[in-house]
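The block underneath contains the structure these notes are about, expressed in structure tokens.
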Amino acid sequence: DQQVKQNSPSLSVQEGRISILNCDYTNSMFDYFLWYKKYPAEGPTFLISISSIKDKNEDGRFTVFLNKSAKHLSLHIVPSQPGDSAVYFCAASAHSSASKIIFGSGTRLSIRP
Amino acid sequence: EAGVAQSPRYKIIEKRQSVAFWCNPISGHATLYWYQQILGQGPKLLIQFQNNGVVDDSQLPKDRFSAERLKGVDSTLKIQPAKLEDSAVYLCASSFNRGRAGELFFGEGSRLTVL
């Protein structure tokens, strides 16, 4: 039972353009969402988060959008840079679950010159 | 600030053998997590500690996996006996916040191959 789904295993974007990574969730109890970034042979690192009381959160080149009615969130990276090439994991948690975080399967982003 | 330390980085064993992984979290982080990441999948929570106590171990295969956190600091994850499907990267993470999802700090992981 995949509660957090990332349906695109990979994405290739030209440097300087916008990268859009998508994530869907099924559990309506989720109220906090996060994106993690992972380079090869390293652990995931926190990138950005959003609470369900908001529909947008921005941090520099990274913006996360949340559409609660559609149970969908997306991560926008603009402009995309070579260092953004990594695997991106969407994650979610429900306050009632004492911070148990459920991860999606990840999307591998490649930024081409 | 030192990050989350894990060892060993790589381990190859045969099925039915045992293995242990060690984790030292960031100083002052009360919450410690062990995740299992199978190739092509996202990290799956195995067990979560708050200081010495277990908060969640609902997805830990308790017939073969065990974990402890000594004195609320270091933690050890053990698998005995190992199965082929245990081949994965075992990630340790720690966090400062309690009871609410927050930023997790992950170690580099321990890659296990079971032959």
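Just so it is clear, none of the values below were taken in a lab; they were calculated from the coordinates. Small disclaimer: the values here were computed from a predicted structure and weren't measured. Note that we place each Cβ from the backbone using ideal geometry, even for glycine, and neighbour counts take in every protein chain shown.
How compact is segment B:1-106 by the rule of thumb for globular proteins, expressed as Cα Rg over 2.2 N^0.38 Å?
Normalised by 2.2 N^0.38 Å, the Cα Rg of segment B:1-106 equals 1.02.
Could you work out the Kirkwood radius for chain A, taking every pair of different alpha carbons, averaging 1/r and inverting it, reported in Å?
So the Kirkwood estimate lands at 14.1 Å.
Out of every Cα-Cα pair in the protein assembly as shown, what percent are more than 26 Å apart?
Of all Cα-Cα distances in the protein assembly as shown, 37 percent exceed 26 Å.
Averaging sequence separations of C-alpha pairs under 8 Å and six or more residues apart, then dividing by the length of chain B, give the relative contact order as a whole percent.
RCO, chain B: 37 percent.
Along the charge dipole of the protein assembly as shown, Cβ charges K/R +1 and D/E -1, which of B:Phe96, A:Pro40, B:Leu60 sits furthest on the positive end?
So the residue furthest toward the plus end is B:Leu60.
Given Cα pairs under 8 Å that are at least 6 residues apart, what percent is the relative contact order of chain A?
37
Where the centroid of each part is defined by its Cα atoms, how far is segment A:40-113 from segment B:1-71 in Å?
23
Explain nothing, just the number: dipole magnitude of segment A:12-56 about its Cα centre with +1 on each Lys and Arg Cβ and -1 on each Asp and Glu Cβ, in debye rounded to the nearest 20.
In debye, rounded to 20, segment A:12-56 gives about 100.
In debye, nearest 20: dipole of the protein assembly as shown around its Cα centre with unit charges on the Cβ of K, R (+) and D, E (-)?
So the dipole magnitude of the protein assembly as shown works out to roughly 280 debye.
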